[in-house]
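Inspection log for the structure reproduced underneath, given as C-alpha cells.
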Amino acid sequence: NTPRDFKARGDWAFCEGINQFVLHVVIHQPWDDKKPGINAPWGTEFNRLNTWIDYAGPWVDYLRRCSVMLQTGSPVADVAYFISEDAPKMAGIRQPELPAGYDFDYINADVIENSLSVKDGRFVLPNGVSYRLLVLPESDTMRPALLKKIAALVEAGGQVLGPKPERSPSLQDFPRADDEVKRLADGLWGNHRVMTGIDVSEALAKLETPADVDCPKDMLWKHRREGDIDIYFVSNQKREERTETISFRVDDRKPTLWRPDSGRIEPVRSKTRNGRTSMTLHFDPSGSVFVVFAKSSPRTEPRSPKLRVMAELNGPWTIAFPSGEITSDTLRSWTEQDASSIKYYSGTATYRTSFSVSKVGTTAILDLGMVHEMARVRVNGIDAGALWKQPYRLDISKALKKGENTLEVDVVNTWINRLIGDAQPGVATPETFTTTKNWKAESPLQPAGLLGPVQVVGNGRAGQETKGRR
C-alpha cells in the first residue's frame, strides 16, 4: 500500500477524535542490499528501504497540518453517553443511537462525580468541553453517590435522557443503598429535565439544539473550537470526486477553507440563513478540507481564473528504467510490457517529454491523470513537487516558460510486483529479500507507472504544436 490507499482511513481516525499518529511499523533495516528487508506479517511498512519513502514528504506534511488543526482548542460535542458502572468497562455504546449531524463523547462515573458542572444549560468540564445532553445507558443500576450528583446537575439546569435506575450495582451498604437509589430516582424522574422513552433526536429537538453539521451520511467531520474560532474538518470517504452542499451551525462569521494537503487558505462563497451557514464544496477522491469560521476571516469572494487546455502531452515518451530506456507513444502500465525486467519492476522510473506554449499566463496546472503510485515532477529542471494522491495535479506556473518546455516525472510503485516476479518458477536468483511472505507466483500484479492522460491547463495559450516531443 501507499499513503493514497489509506488516506480515507486516516481521515476516518481524525473524525473519530485521533489527532496524532504513530507510524507503525518501522523496522530497523541493518542491510543496504537486502530489500525490502525485514518485514512484519501485519501493518504497513514505513522504513528506509520502502520504494516510496523518499516521496512521502507531502503526505507527512498533510498529517502534520491536520494534527495541529485538530489539537487546537477543544472538541465540540452535544451529547455525552454515560458508559455505566459495569466492570470491567473502558467504553460504552450509543444507545439510543446518535442522530446524524451531532458529535458525542463517552463519559464515566468518576468524571461525572468529580468534574462535571452545569452552566447555561450545558454540562461543562474544566477543560472547556461541554454537552447539551447526558444520555444514560439501558441499565437499571446506579450507585447512590452518582445518582445524587446527577440530581444536583439536573437541579442546576442539566438535561438527562435515560431509564430510571432501580438499585445499586454494588453490595456496599446493602440493602440501604438500594432503598436510597429508589428514593432518589422516584424524585428525579418526575423532573421535566429528565426524559425517558424517546430517542436522542427527539430529546435534542425538545432542547432546540439543531444539528451541528448537515451533510451526506457518507461524509465524516470533526468540530473543534478555540475562543471565537470554529474549526470543522470534513472528509469525503468515497474514492471519487464529488460536490456537496454542507451547512454548519454558525451564523456570525465568514468561513475560509484551509487545505491540509497544500497549506493554502482560500475564501469561499457561503450563505447564512436561520442560524446556519451553508456552502457548496468540491471534494477530490478521498479529499478533505478544514472550514474555519473566525471574525478575522477575509470577506472577499473567491475568483477563479478561466482555465483552458494549454498543452496535451500525447508522447512520444522516453522512460528510463535501471535496465535501460524505452520509448513509447502511449502511456500504459509497466505490467503490460513484455520484458520481465519492466513487467515485474518495483522502484522508480523517469518519464521525459517536451511541449510548447505560445503564451504564459498567471496560472498553469499540470495534470498527470492517473499515477501508480507516487510521482515527483520537474519542469525545465525545476522541482515542482511530489504527488501522492488523486488528483495528481500541481501548479507549475513558476517553472513554465514561453516556447519549448521539458517535463520529467519520476514515478514510483510498491514492492509487490518485484516480489511476485521473484516468486515465478525458474527464478534462480531473486532480487528481493523478506522475512515474511504473503504473496504467491499467481498473485495479481498491481498497475504501475504514469497512465495519464497528461495535460497542462491554465490561462496561457497553447503552442503551435502541443504533441509531446522527446
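The values are calculated or read from the model by the stated rules, or taken from the named source; none is laboratory data. Quick caveat, the model's predicted, so the values are computed rather than measured. In this analysis, Cβ positions are derived from the backbone assuming ideal geometry, glycine residues included, and neighbour counts consider all displayed protein chains. The area values use the complete protein model at the heavy-atom level, side chains included, leaving out ligands, DNA and RNA. Shrake-Rupley method; radii C 1.70, N 1.55, O 1.52, S 1.80 Å.
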- Message: So, R0 is 41 Å and r is the distance between the beta-carbons of Lys295 and Lys182; what FRET efficiency does that work out to, to 0.05?
- Response: 0.20
- Item | Global form of region 93-147, assessed from the alpha-carbon gyration tensor, a/c cut-off 1.5 | oblate
- Message: For Cα pairs less than 8 Å apart in space and 6+ apart in sequence, what is the mean separation divided by the residue count of region 1-157, i.e. the relative contact order in percent?
- Response: 19
- Item | Glu241-Ile382 pseudo-label distance in nm [points 7 Å out on the Cα-to-Cβ vector] | 2.4
- Query: Ordered by residue, what ³J(HN,Hα) values in Hz, to whole numbers, does region 226-233 give under the Karplus form 6.51 cos²θ - 1.76 cosθ + 1.60, where θ = phi - 60° and Gly and Pro are x?
  - Reply: 10, x, 9, 10, 9, 10, 10, 9
- Query: Would you list Phe174, Phe433 from the most to the least accessible area, probe 1.4 Å?
  - Reply: Phe174, Phe433
- Using a 1.4 Å probe over the heavy atoms of the protein chains, calculate the carbon and sulfur portion of the accessible area of the chain as a whole percent. 49
- Quick one: accessible surface of Val194, probe radius 1.4 Å, all protein chains present, in square angstrom to the nearest 10. 20
- Dipole of region 382-470, positive direction: furthest Cα of Thr434, Ala423, Leu394, with charges on the beta-carbon: Leu394
- Query: With the contact rule set at Cα under 8 Å and sequence spacing of 6 or more, what percent relative contact order holds for the chain?
  - Reply: 16
- Query: Hey, what do the phi angles of region 121-131 turn into as Karplus ³J(HN,Hα) couplings, whole Hz, using 6.51/-1.76/1.60 and θ = phi - 60°, x for Gly and Pro?
  - Reply: x, 10, 6, 10, 9, x, 7, x, 5, 9, 9
- Which is farthest toward the positive dipole end of the chain among Gly43, Ala13, Gly57, measuring Cα position about the Cα centre, with Cβ charges +1 (Lys, Arg) and -1 (Asp, Glu)? Gly57
- Message: So, for region 313-359, what is the accessible surface per residue at a probe of 1.4 Å, expressed in square angstrom?
- Response: 43
- Query: For region 117-266, with every protein chain kept in place, what is the accessible area per residue (1.4 Å probe, Å²)?
  - Reply: 50
- Task: Find out how many positive minus negative residues lie around Asp212, taking Lys and Arg as positive, Asp and Glu as negative, among other residues whose Cβ is under 12 Å from that of Asp212.
- Result: +2
- Query: Roughly how tilted is helix 144-155, in degrees to the nearest 10 and between 0 and 90, from the longest Cα axis of the chain?
  - Reply: 90
- Rg/Rg_ref, region 125-246, where Rg_ref = 2.2 N^0.38 Å and atoms are Cα: 1.42
- Message: Applying a 10 Å radius around every beta-carbon, put 49-59, 241-251 in order of their mean neighbour count, most first.
- Response: 49-59, 241-251
- Long-range amide H contacts for Ser168: which residues qualify at under 5 Å (H placed 1.01 Å from N, peptide plane, sequence gap of 5 or more or a different chain)? Met142, Asp178
- Task: Can you spot the lysines whose alpha carbon is less than 25 Å from Lys343's alpha carbon? Ignore those fewer than 8 places along the same chain.
- Result: Lys34, Lys35, Lys389, Lys437, Lys440
